[in-house]
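To keep things clear, I will list the structure first and then write my remarks on it.
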Amino acid sequence: MEASPRNSQADRWQRPAVEVPKEEWTAIVVGGGPAGSTAALHLAGAGCRVLMLERAEYPRAKACGDLLIPDTLAALRRSGLYDRVTAEARPVDRALVSSPSRIEWSIPGEFLLLERERFDELLAEAASDRGAVVARGRVERVHNSDNGVGVHVAGIDDPFHARFAVLATGSDVSLLDELGMLQQPAPTAVAVRAYVRSPIRTDELFISFDREILPGYAWAFPLPGMKYNVGVGVLHDPDEPARYDLRQLFDTFRREVPAVRRLMSEAERVGPLRGARLRCGLRGARAHEGNIVAVGEQISTTYPFTGEGIGKAMETGEMAAAAIAAAAHGDPDALAAYGVDVETSLRPRYEGYAAAQRWLSRPWLNDLVSRRIRKGRFLQAAAAGMVAETVDPARIFSWRGLLRSLAG
Ligand SMILES: Cc1cc2nc3c(=O)[nH]c(=O)nc-3n(C[C@H](O)[C@H](O)[C@H](O)COP(=O)(O)OP(=O)(O)OC[C@H]3O[C@@H](n4cnc5c(N)ncnc54)[C@H](O)[C@@H]3O)c2cc1C
């Protein structure tokens, strides 16, 4: 089969792991999603010798809503990639939210949409441009040794060696488990999405809290080129078996929610329905062990309830890169400090989202909050601030917040 131009371009910067020399690396990053690529990019920027191993060939599909919210945009700015992403992404400045009783309210904000297939490729290529070696290889084992780490790649006899490793394999926690860093193996949410092409134009994000889907929501997001990302995600207790059929929930959403029914009436499906598990709420794993740190969905950095995780995956990638650069320059406590730093700087945000989850998961409370947001400027501004990360969600999703909203 003839390679597409994009594939042949990828061939130049993503090499087969077998062709990579067995030299001593400062760091090996395992997994090339947003967390891994951001870590590799910042490590290379700090002058470290970095190898990033990704099992798939770019561009690779990833089930996602493809929505880049303000924390992702901030991470892109810090990484020097904002302009590159903006040049290809679709900008949207409003999300329309529909409650279980179809009470609608909207949140203004800066959002971008770009298919993950392209977004992740762009990030990995940027890491390569910055000096990281990006290679294709499935890592089977990572181990700590006295003076560094060994990284074993499928089909290659001898391990790669580095002083440090970054685990960034998303919701696949097998390596983390083998290292004894995993505390909660079960995912906390599952979601599916499909791409459709429709001649009907909408310029806003649509989010629907259907009664059947709570705790969770369905979405229809506009992408570049009259494509839409339509999906549904449900949270579940990791200790209990899932009791829903996501495919059926997806069908109910596309048939019964008026705005989506209209969009889908003339739509053509592009590709299959794809799903993935999510690890949310910053719980269930230790972020540091010996010379190894874990980032992104490995340590459940995806937000509870909204399921947005790209921004925090990138943020932990950045934090891990800074810690490794400091350790490489002789700071013996830098990696342990990374684990503490993740807890202290990020934990409060997850608590706010967990409060939002508790509130919006109950249909009557979801309706009540929606009514109040529609009516009062205080809650409208607070909801916009929550998305922009300038307002703690707990300020809205509390009786105090609701009482405050009565004043206007
Ligand atoms: C349906 C769905 C919708 C979502 N919608 C959104 C959204 O709209 N916005 C948002 O911000 N977040 C969304 N999320 C969450 C988001 O996808 C994750 O938070 C994010 O992908 C986490 O990034 P990561 O780099 O940690 O992991 P990933 O993106 O999963 O990347 C992990 C990488 O590691 C590679 N890998 C795995 N194992 C190995 C191995 N052994 N060796 C080598 N490579 C390996 C994988 O191939 C993959 O490329 C959604 C999730 C789902 C499932």
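The values are calculated or read from the model by the stated rules, or taken from the named source; none is laboratory data. This one's a predicted model, so the numbers in the text were calculated from it and none came from an experiment. Every residue, glycine among them, receives a Cβ derived from its backbone with ideal geometry; neighbour counts consider all protein chains shown.
Candidates are the residues of region 290-300 that are near the ligand (Cβ under 8 Å from one of its atoms) and over 8 Å from the mean Cα position of the chain (by Cα); the one that is surrounded by the most Cβ atoms within 10 Å (Cβ to Cβ) is V295.
Quick grid of which residues meet (1) part of a helix (DSSP H, G or I); (2) at pLDDT below 95; (3) assigned by TED's automatic domain parsing to the domain that holds E204; (4) within 16 Å of the ligand (Cβ to nearest atom):
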| site | (1), (2), (3), (4) |
| --- | --- |
| Q9 | yes, yes, no, no |
| K22 | no, yes, no, no |
| I28 | no, no, no, yes |
| A40 | yes, no, no, yes |
| Y58 | no, no, no, yes |
| A74 | yes, no, no, yes |
| G80 | no, no, no, no |
| D83 | yes, no, no, no |
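Yes or no: V232 crowded, with 16+ Cβ neighbours inside 10 Å and more than 16 Å from the ligand (Cβ to nearest atom)? So V232 does not fit the description; no.
Conditions tested, residue by residue: (1) surrounded by fewer than 20 Cβ atoms within 10 Å (Cβ to Cβ); (2) over 21 Å from the mean Cα position of the chain (by Cα); (3) small (G, A, S).
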site: L346; (1), (2), (3): yes, no, no
site: N366; (1), (2), (3): no, yes, no
site: R372; (1), (2), (3): no, yes, no
site: R377; (1), (2), (3): yes, yes, no
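Give E140, E110 a once-over and let me know the one that is without any contact (Cβ under 8 Å) to a residue 24 or more places away in the chain, part of a strand (DSSP E or B) and of a type in the set (D, E, K, R). Being without any contact (Cβ under 8 Å) to a residue 24 or more places away in the chain, part of a strand (DSSP E or B) and of a type in the set (D, E, K, R) holds for just one of E140, E110, which is E140. Among the candidates L379, L346, L402, the residue that is in contact with a helix residue (DSSP H, G or I) (Cβ under 8 Å, 6 or more places away or on another chain) and either at pLDDT 85 or above or polar (S, T, N, Q) (or both) is uniquely L346. Checking the structure you have, find out if any residue of region 45-56 is under 13 Å from A313 (Cβ atoms) and assigned to a loop (DSSP other than H, G, I, E, B). Looking through region 45-56, none of the residues is under 13 Å from A313 (Cβ atoms) and assigned to a loop (DSSP other than H, G, I, E, B).
Annotation for region 227-243: no member residue is at pLDDT 90 or above, more than 18 Å from the chain's Cα centre (by Cα) and part of a loop (DSSP other than H, G, I, E, B). Scan region 345-391 for residues that are of a type outside the set (A, V, I, L, M, F, W, C) and free of Cβ contacts under 8 Å to residues at least 40 places away in the same chain and the total you get is 8.
Taking the conditions exactly as written (near the ligand (Cβ under 7 Å from one of its atoms) and either among the basic types (K, R) or in a strand (DSSP E or B) (or both)), does A276 satisfy them or not?
yes
Scanning region 288-305 for residues that are in contact (Cβ under 8 Å) with a residue 60 or more places away in the chain and in a loop (DSSP other than H, G, I, E, B), we see that the one that is farthest from L41 (Cα to Cα) is F305. For I207, the test of being assigned to a loop (DSSP other than H, G, I, E, B) and more than 20 Å from N291 (Cα to Cα) is failed.
Could you say which residue among L263, L282 is more than 20 Å from the chain's Cα centre (by Cα) and buried (at least 22 other Cβ atoms within 10 Å of the Cβ)? None of the other options fit; the residue is L263. Note on region 175-205: residues that are crowded, with 20+ Cβ neighbours inside 10 Å and away from the ligand (no atom under 13 Å from the Cβ) total 2.
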